[in-house]
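Worksheet: the structure to be examined is printed underneath.
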Amino acid sequence: MAGTITHHLNFTSSSFLSSGPSSFLPTNQLSSAKTRYPFPAGGKRLTVSANSALKALIFDCDGVILESEDLHRQAYNDAFAYFNVRCSPDSPQPLNWDVGFYDVLQNRIGGGKPKMRWYFKEHGWPSSTVLPTPPDDDDSRAKLIDTIQDWKTERYKEIIKSGTVEPRPGVLRLMDEAKASGKLLAVCSAATKSSVVMCLENLIGMERFQGLDCFLAGDDVKEKKPDPSIYLTALKRLGVSEKDCLVVEDSVIGLQAAKGAGMSCIITYTNSTAKQDFKDAIALYPDLSNVRLQDLELLLQNAVAAK
């Protein structure tokens with residue numbers, strides 16, 4: 001957006017800026033997307049446990065099914081411009097989140113409303129065309145965030161429906177392999193439900209979407225990732241044990257949520273998450289193009305046996 005004020009990256013806490021995937025995968029292995037299998041101290045491959053089996057495969061949406069980070073950023077900036085959102089009265093142009101800032105923000109805080117609430121709390125509640133003055137109580141602040149988020153969601157839908165967005169490599173094939181083998185299939189996303197529904201209908205197709213055994217979005221739980229609520233809820237709806245589930249995530253926030261629910265997790269990272277610390281993941285991939293269901297079954301069996 002020409003002439004807009006760009007907000008630059010200004011937080012560097014080690015709690016959310018990490019050493020990256022190389023903390024457990026050598027650089028040469030990272031580039032070729034080799035998986036990491038757990039081995040005991042003696043160096044021998046673990047014996048697969050007969051009591052563990054992959055029964056449910058759970059996908060995140062944003063960053064896993066589609067490369068969505070910059071699409072969301074574009075939609076937020078369009079919303080800020082539409083409502084003339086300015087955190088400082090001296091700002092000559094509306095708020096604009098640049099790429100570096102949004103990469104860190106979206107990997108620190110899950111969900112759109114929590115992102116804005118955190119930002120405005122840190123940088124001042126803004127003036128806008130939504131309210132006559134900057135909000136100074138909980139109700140008016142909620143109204144501002146709800147209004148911006150609703151408009152942003154509709155703008156995001158327009159971008160997805162434009163036909164220029166495609167699923168990430170390997171996602172549809174892996175979903176089909178899982179369903180064909182009788183596995184339960186789920187999608188758990190921290191994003192707004194209407195936004196996720198629209199993404200799934202357009203990117204995986206109506207038949208696959210309606211064939212999901214469980215679908216949960218940010219609206220369905222009180223706490224967003226990295227809180228494990230969404231995955232704990234999925235466990236109940238799927239009717240399986242956490243040791244029989246495998247989660248596919250793209251960020252450390254999602255990994256923490258899966259781990260908090262007692263589930264094993266693989267990472268298919270994006271450009272904005274590649275340097276995060278994924279030491280708790282059981283495997284790491286740049287995408288799913290070369291990943292087969294039998295690879296994931298073995299990974300889960302070995303991970304459960306190692307616990």
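Taking the criterion of being within 16 Å of the chain's Cα centre (by Cα), free of Cβ contacts under 8 Å to residues at least 24 places away in the same chain and either surrounded by 18 or more Cβ atoms within 10 Å (Cβ to Cβ) or assigned to a helix (DSSP H, G or I) (or both), the residues of segment 181-228 that qualify are 197, 221.
Filter segment 290-299 down to the residues that are surrounded by fewer than 24 Cβ atoms within 10 Å (Cβ to Cβ) and in contact (Cβ under 8 Å) with a residue 12 or more places away in the chain, then identify the one that is farthest from the chain's Cα centre (by Cα).
Taking the candidates together, the pick is 298.
Residues are listed down the side, and each one gets a yes or a no for (1) of a type outside the set (S, T, N, Q); (2) on the phi > 0 side of the Ramachandran plot; (3) under 18 Å from the mean Cα position of the chain (by Cα):
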{"site": "82", "(1), (2), (3)": "yes, no, no"}
{"site": "92", "(1), (2), (3)": "yes, no, no"}
{"site": "95", "(1), (2), (3)": "yes, no, no"}
{"site": "109", "(1), (2), (3)": "yes, no, yes"}
{"site": "133", "(1), (2), (3)": "no, no, no"}
{"site": "141", "(1), (2), (3)": "yes, no, no"}
{"site": "145", "(1), (2), (3)": "yes, no, no"}
{"site": "149", "(1), (2), (3)": "no, no, yes"}
{"site": "154", "(1), (2), (3)": "yes, no, no"}
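The condition (being farther than 20 Å from residue 224 by Cα and basic (Lys, Arg)) is satisfied by just one residue among 275, 259: 275. Scanning segment 135-148 turns up no residue that is part of a loop (DSSP other than H, G, I, E, B), more than 16 Å from residue 73 (Cα to Cα) and of a type in the set (A, V, I, L, M, F, W, C). Might you let me know whether segment 231-246 holds any residue that is closer than 14 Å to residue 59 by Cα and assigned to a loop (DSSP other than H, G, I, E, B)? The answer is no; no qualifying residue exists. Considering only segment 129-138, I want to know if a residue exists there that is within 25 Å of residue 194 (Cβ to Cβ), touching a Leu at 6+ places or on another chain (Cβ under 7 Å) and hydroxyl-bearing (Ser, Thr, Tyr). Taking every residue of segment 129-138 in turn, none turns out to be within 25 Å of residue 194 (Cβ to Cβ), touching a Leu at 6+ places or on another chain (Cβ under 7 Å) and hydroxyl-bearing (Ser, Thr, Tyr). Restricting the search to segment 156-174, which residues are modelled with pLDDT of 95 or more and touching a helix residue (DSSP H, G or I) at 6+ places or on another chain (Cβ under 6 Å)? Answer for segment 156-174, where residues must be modelled with pLDDT of 95 or more and touching a helix residue (DSSP H, G or I) at 6+ places or on another chain (Cβ under 6 Å): just 167. Every test in (1) surrounded by fewer than 18 Cβ atoms within 10 Å (Cβ to Cβ); (2) closer than 19 Å to residue 110 by Cβ is passed by residue 287 save one, and that test is (2). Counting only helices (runs of 4 or more DSSP H) wholly contained in segment 38-131, no element carries 3 or more residues that are hydroxyl-bearing (Ser, Thr, Tyr) and at pLDDT 95 or above.
So, of the residues in segment 254-278 that are assigned to a loop (DSSP other than H, G, I, E, B) and of a type in the set (A, V, I, L, M), which turns out to be nearest to the chain's Cα centre (by Cα)? Break it down into steps so the answer makes sense when it comes.
The first filter runs over segment 254-278 and keeps only residues assigned to a loop (DSSP other than H, G, I, E, B), leaving 261-263, 269-278.
After this cut, where a residue has to be of a type in the set (A, V, I, L, M) as well, the list is 261, 263, 274.
Values: 261: 16, 263: 16, 274: 13 Å.
Filtering segment 254-278 for residues that are assigned to a loop (DSSP other than H, G, I, E, B) and of a type in the set (A, V, I, L, M), the one nearest to the chain's Cα centre (by Cα) comes out as 274.
The values are calculated or read from the model by the stated rules, or taken from the named source; none is laboratory data. A quick note: this is a predicted structure, and the numbers were derived from the prediction, not measured. Positions of Cβ are backbone-derived with ideal geometry, glycine not excepted, and every protein chain shown enters the neighbour counts.
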